[in-house]
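Chemist: Okay, handing you the structure first.
The values are calculated or read from the model by the stated rules, or taken from the named source; none is laboratory data. Since this is a predicted model, take the numbers as computed values, not measurements. Here the Cβ positions follow ideal geometry from the backbone for every residue, glycine too, while neighbour counts run over all protein chains shown. The accessibility values were calculated without ligands, DNA or RNA, using every heavy atom of the protein model including side chains. Shrake-Rupley method; radii C 1.70, N 1.55, O 1.52, S 1.80 Å.
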Amino acid sequence: MPIPRLRSVHVHPVKALRGYAPAEAEVQPWGLAGDRRWAVVDSSGKVVTQRRHPQMALASAEPLPSGGIEVSASGRPTLSVEVPRPSSTIRVEVFETPVEAVPADPAADAWFSEYLDTEVRLVHMDEPAHRRPIKPEFALPGETVSFADGFPLLATTTASLDALNSLIAQGDHADEGPLPMNRFRPNVVIDGTAPWAEDGWTRLAIGEVTFRVARSCGRCVVTTTDQRTAERGKEPLRTLALHRKDGSRLIFGQNLVPETVGTLRVGDEVKIID
């Protein structure tokens, strides 16, 4: 078996939008630097994702040197958004969890509202060290997360994706496969493991950074969304339901919580500690 290594790193500055894949990224206690520090919320303050608006897959966000972001989508003008001053916050909701966030410039609200054809706002998490605790049953005291679904990082492996695609090829919707890794929107992708080896991990080190495996990642309809076209199919949920169930959860990948901070670099060795 080859030595497991970090194949790629993925940062999504705005939750639910297309991200980018840098050669290296800084790990902070709440996730990769710049990952999901921004989110789009509806008129009631609930976070908006590809679950309701699959076309969000077709918009992208990239970091600016100033710390802000540049958002773009086909047929739409590119917009630069600076980090808002933390003068006042509004309460938003991430999967029924209240979180304080800072509203972005109204120009960003207009851009996203026109793009999604519904009234929305763009918000920024100004203090991730304090704003949103990880669910206590999976966390140590003081551990927090950005606007990610529930945990600071998501890890997947290429061997497990290959195994999943092999199962899809044997099913009723074989024409939908093979699926690319971007369907699962991970932060780190690892090469050189056995299929589903991550099921048994409890701690690992990627380069200089160590992580605790919090729990497997339950998957939703977003995984059926083609990230290039925003069209939806049946896979991988149909195959996960047959082969990868944990109670009512359909699982692929593992959620990680950093134990230390540092820099991840593509090509880093991955060591399974426990």
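Chemist: Would you mind telling me which residue in A107, A25, A148 has the biggest mean-square fluctuation in a Gaussian network model of the chain, where springs connect alpha carbons within a distance under 10 angstrom?
Modeler: A107
Chemist: Per residue of the chain, what 222 nm ellipticity follows from adding -39500 (n - 2.57) for every DSSP H run with n ≥ 4, rounded to the nearest 500? The partial results should precede the final answer.
Modeler: Working: 3 runs with 30 residues, N = 274.
Helix-only estimate at 222 nm: -3000 deg cm²/dmol.
Chemist: Which ³J(HN,Hα) values in Hz, rounded to whole numbers, follow from the phi angles of region 56-64 under the Karplus curve 6.51 cos²θ - 1.76 cosθ + 1.60, where θ = phi - 60° and Gly and Pro get x?
Modeler: Coupling constants for region 56-64: 4, 5, 8, 9, 10, 9, 10, x, 9 Hz.
Chemist: Moving on. Tell me whether region 104-212 comes out rounded, prolate or oblate; compute the Cα gyration tensor, take square roots of the eigenvalues as a ≥ b ≥ c, and use a/c under 1.5 as the rounded threshold.
Modeler: On the way: a/c = 2.79, a/b = 1.26, b/c = 2.21.
Oblate shape, in that a/c is at least 1.5 and b/c is the bigger or equal ratio.
Chemist: Would you tally the net charge around V213, using a Cβ to Cβ cut-off of less than 10 Å, leaving V213 out, and scoring K and R as +1, D and E as -1? Mind showing how you got there, number by number?
Modeler: On the way: positive: R203, R212, R215; negative: E198, D199, D274.
Value of the local net charge: 0.
Chemist: Another one. Using θ = phi - 60° and the Karplus form 6.51 cos²θ - 1.76 cosθ + 1.60, what ³J(HN,Hα) does each residue of region 142-153 get, whole Hz, x for Gly and Pro?
Modeler: Whole-Hz 3J(HN,Hα) from phi for region 142-153: x, 6, 10, 9, 6, 7, 4, 4, x, 9, x, 9.
Chemist: Order T225, T263 by their accessible area, 1.4 angstrom probe, all chains in place, largest first. List each step's numbers first, then the result.
Modeler: Details: T225 0, T263 30 Å².
Per-residue accessible area, sorted high to low, gives T263, T225.
Chemist: May I ask you to compute the full-extension gain from D199 to A23, defined as 0.36 nm times their residue separation minus their alpha-carbon distance, rounded to one decimal in nm?
Modeler: On the way: separation 176, 0.36 × 176 = 63.36 nm, distance 2.64 nm.
Answer, rounded to one decimal: 60.7 nm.
Chemist: Between H243 and A230, what is 0.36 nm times their sequence separation minus the Cα-Cα distance? Round to one decimal in nm. Numbers along the way, then the final one.
Modeler: Details: separation 13, 0.36 × 13 = 4.68 nm, distance 2.54 nm.
That pair, H243 and A230, stretches by 2.1 nm at full extension.
Chemist: Of the residues D226, D105, D172, which exhibits the maximal mean-square fluctuation in a Gaussian network model of the chain defined by a 10 Å Cα contact cut-off?
Modeler: D172
Chemist: Report the normalised scattering of the chain as log10 I(q)/I(0) at q = 0.08, 0.11 Å⁻¹, calculated by the Debye formula with identical scatterers on the alpha carbons.
Modeler: Taking Cα atoms of the chain as identical point scatterers yields -0.32, -0.61.
Chemist: Could you derive backbone 3J(HN,Hα) for region 5-16 from the dihedral phi with the Karplus parameters 6.51, -1.76 and 1.60 (θ = phi - 60°), listing whole Hz in sequence and x where the residue is Gly or Pro?
Modeler: Those phi angles translate into 9, 6, 7, 7, 10, 9, 10, 10, x, 10, 3, 5 Hz.
Chemist: Highest GNM mean-square fluctuation, the chain, Cα pairs closer than 10 Å: which of P236, P22, P63?
Modeler: P22
Chemist: Please sort by residue number the GluC sites (Glu not before Pro) in region 92-151 whose DSSP state is loop and whose Cβ has at most 14 other Cβ atoms within 10 Å. All intermediate terms of the calculation are to be shown ahead of the outcome.
Modeler: Values: sites: E93, E96, E100, E114, E119, E137, E143; in loops: E96, E119, E143.
Answer in residue order: E96, E119.
Chemist: When the accessible area of region 112-216 is computed with all protein chains present and a 1.4 Å probe, what percentage of it is carbon and sulfur? Walk me through the intermediate numbers first.
Modeler: Values: 2150 of 4350 Å².
Its accessible area is 50 percent carbon and sulfur atoms.
Chemist: Taking K and R as +1 and D and E as -1, what net charge do the other residues with C-beta under 10 Å from the C-beta of R121 add up to? List each step's numbers first, then the result.
Modeler: Details: positive: none; negative: D42, D109, E119.
Its environment carries a net charge of -3.
Chemist: So what is the relative contact order for region 18-129, in percent, with contacts set as C-alpha pairs under 8 Å and at least six apart?
Modeler: Working: 182 pairs, mean separation 29.5, N = 112.
In percent, rounded to a whole number, it is 26.
Chemist: Using a probe radius of 1.4 Å on heavy atoms only, what accessible surface per residue do you get for the chain? Whole Å² is fine.
Modeler: Working: 12350 Å² over 274 residues.
Result: 45 Å² of accessible area for each residue.
Chemist: How much net charge surrounds A33 when only the other residues with a Cβ under 12 Å from the Cβ of A33 are counted, with Lys and Arg +1 and Asp and Glu -1? Please report the intermediate quantities before stating the final value.
Modeler: On the way: positive: R36, R37; negative: E24, E26, D35.
Summing Lys and Arg as +1 and Asp and Glu as -1 gives -1.
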